[in-house]
Amino acid sequence: MRTPSLLGIALLCLSAMPAAMDDDYHNKFPKYCGDDRYSHWYQTGRYCIRYFSTPLSFSDAESACSQKASGSHLLSVHSEQANADALAIVLKFNPSSPRTWLGGQRDGQSNDFIWTDGSSWNFENWVPGQPDGASNVEGCVEMNWRNLGEWNDDQCMKRKPFICAFKRHKWQREPDN
């Protein structure tokens with residue numbers, strides 16, 4: 001009887017890794033929102049979110065969101081899990097160029113950041129040293145500028161892909177597992 005070589009065991013382990021990683025990825029990836037009208041939208045918490053690859057300025061992206069679904073705005077992020085879900089969706093659709101608009105912008109009066117959907121600013125995940133408001137022209141929030149999943153303030157006129165979101169309603173059926 002032959003005993004397996006270390007090389008053989010290593011090759012067997014390496015060939016099994018992608019399948020295990022795929023299972024882990026699919027188990028953690030957000031599920032569809034569950035409504036046929038929103039088949040390309042994913043559920044994160046109480047929201048349905050969708051990535052759009054067409055680069056637009058911040059204000060044009062916000063306007064486009066309102067046309068994509070009733071009550072939709074650029075994505076507001078309220079937890080680490082929601083941030084991780086958004087990152088997973090961005091990386092699924094655009095892993096080579098993941099800089100993406102979120103729905104955060106500076107309030108012109110207070111200079112604090114606010115969400116375009118009017119929800120509370122109760123979570124943030126800035127790249128160290130950000131926001132810096134460089135030259136007083138960086139008033140909008142993007143993710144994945146220097147570090148994946150972290151945020152940066154940038155010029156609102158720059159064109160980037162974006163993520164839209166709307167709050168799920170009770171009338172929407174739950175997603176299938």
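The values are calculated or read from the model by the stated rules, or taken from the named source; none is laboratory data. Note that this is a predicted model, so its numbers are computed, not measured. Methodologically, a virtual Cβ is constructed for each residue, glycine included, from the backbone with ideal geometry; neighbour enumeration extends over all protein chains shown. Note: areas computed on protein heavy atoms with side chains; ligands, DNA, RNA excluded. Shrake-Rupley method; radii C 1.70, N 1.55, O 1.52, S 1.80 Å.
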TODO: Please list ARG106, ARG159 in order of solvent-accessible area, largest first, computed with a 1.4 Å probe with all protein chains present.
DONE: ARG159, ARG106
Open item on the list: So, R0 is 30 Å and r is the distance between the beta-carbons of GLN155 and SER39; what FRET efficiency does that work out to, to 0.05?
Closed with: 0.35
Task: Proximal lysines relative to LYS31, as straight alpha-carbon distance under 22 Å, when same-chain residues fewer than 8 apart are discounted - done: LYS68, LYS92, LYS167, LYS170
Task: Length released on extending from SER110 to GLU124, taking residue separation times 0.36 nm less the Cα-Cα span - done: 3.3 nm
Open item on the list: Strictly greater than 22 Å: what percent of every Cα pair in the stretch 22-125 meets that?
Closed with: 30 percent
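Starting from the Cα gyration tensor of the stretch 80-177, take the square roots of the eigenvalues, sort them a ≥ b ≥ c, and report rounded, prolate or oblate (rounded when a/c is under 1.5, otherwise prolate if a/b is larger than b/c, else oblate).
Because a/c hits 1.5 or more and a/b fails to exceed b/c, the stretch 80-177 counts as oblate.
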Task: C-alpha center-to-center spacing [the stretch 72-141, the stretch 29-71] in angstrom - done: 15 Å
